[in-house]
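Since every read-out is calculated from the coordinates, none of them should be taken as a lab result. What you see is a predicted model, and the numbers here were worked out from it, not measured in a lab. Note that each Cβ is placed from the backbone with ideal geometry, even for glycine, and that neighbours are counted across all protein chains shown.
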Amino acid sequence: MNRESFGDVNKQKLEVVEKISELDRLDDEVLAENQRNERIQMLAQLKEVNIRQESMIKQKSKVRWLECRIRTPIFFHSRINWKKSKNTFIGLAVQDLWCEDPLVIKEEVRRFF
């Protein structure tokens, strides 16, 4: 049912991230206006895909909760929060300093790889 409603969210996310990565590899000065607009659209699409993926995670957690016949909200919330925390990183040590700025983190990751 979810694949019919949402499509393959993981596949969509990988495709969008790959397109954004391709555009990010180009220098900002070299990017044409249409490429900048495409990158903005891809970022918006990535946000939408992330929202759909989170929705699916919540639905799956609810189903597991009902299947296990556990009626405590602790189980439900722990499943959602575990998945969310697993897929999130808050900061990065850059030159021995802890940094939480997304732009600095992105640049450091690009430089590293």
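Brief remarks follow.
- Partners of residue 84 within straight-line reach, counting lysines whose Cα lies under 19 Å from its Cα and excluding those fewer than 8 residues away in the same chain: 11, 13, 47, 58, 60, 62.
- Counting charges near residue 105 (Lys, Arg +1; Asp, Glu -1) among other residues having Cβ under 14 Å from its Cβ returns a value of -2.
- In this simple spin-label approximation, residue 18 and residue 67 carry label points 7 Å from Cα along the Cα→Cβ vector, and these lie 3.0 nm apart.
- Each peptide among 31-37, 10-16 gets the average number of other Cβ atoms lying within 10 Å of its residues, and from highest to lowest they stand as 10-16, 31-37.
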